[in-house]
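A short reminder: the numbers here are calculations on the coordinates, not readings from a lab. In this text, all values refer to a predicted model and were calculated from it rather than measured experimentally. Using ideal geometry, Cβ is built from the backbone for each residue, glycine included, and neighbour counts are taken over all protein chains shown.
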Amino acid sequence: MPIAQAEFGRTGHQSTRVVFGGASLAQVDQRTADQTLDVLLEYGVNHLDVASEYGDAEVRIRPWLQREPGRFFLATKGDQRTAAGAREELHRSLDRMGVDHVDLWQLHALADPIEWDIALSPGGALEAALEARDQGLIRYIGVTGHGSQIAATHRRSLDRFGFDSV
């Protein structure tokens, strides 16, 4: 039975209610990753979420993206907080996945107040994300985080910028 879908953030994409978290691919071989794809296809999962810091996850989904072009809403995340670092990290992610753009690029685990300030100030990762969106390298910009205080941090983030997903 296919998994129900719902609109994802401000993207307008109808994502399956189950998003595949690519952290599980960080340290597996390609055969295991490919078996995972078969399960995703069986249940109709249409949203992949990886990160530059998830080991080999971006590399492991590359054959999937080539085998099933346009099948998945593709999201990845970056941990660099400066614009220069974020630009480099995004280009590395695109190369690793073998794509020329992603649907969603997210500022990953943005919880630390000092990192938050760097990332969302001039010269920060958000600046690089806006440039990348203008260049067609990303379609949407998101932010993620963890911990008991993250809801308040996300509220601050939304006050600073209209993220497409949180």
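Provide the percentage of antiparallel DSSP beta bridges, counting only those with both residues in the range 1-160; round to the nearest 5. Let's see the in-between values first.
Values: 4 of 18 bridges.
Rounded to the nearest five, the antiparallel share is 20 percent.
Positive-end ranking of 143, 8, 166 along the dipole of the chain, with charges on Cβ about the Cα centre, is headed by 8.
Taking each residue as 0.36 nm, the span from residue 41 to residue 112 lengthens on full extension beyond its C-alpha to C-alpha distance by 21.9 nm.
How big is the dipole moment of the chain about its Cα centre under a simple scheme where the beta carbon of each Lys and Arg is +1, that of each Asp and Glu is -1, and everything else is neutral? Debye, nearest 20, please. All intermediate terms of the calculation are to be shown ahead of the outcome.
On the way: 17 positive and 24 negative charges, 56 e Å.
Dipole size: approximately 260 debye.
When +1 charges are put on Lys and Arg Cβ atoms and -1 charges on Asp and Glu Cβ atoms, the dipole computed for the range 70-166 relative to its Cα centre reaches about 240 debye.
Using Cα pairs under 8 angstrom and six or more residues apart, how large is the relative contact order of the range 1-159, in percent? Provide the component values of the computation, followed by the final result.
Working: 265 pairs, mean separation 28.5, N = 159.
After rounding, I find 18 percent.
Entry note, the range 81-166: relative contact order of 35 percent, from Cα contacts under 8 Å with a spacing of 6+ residues.
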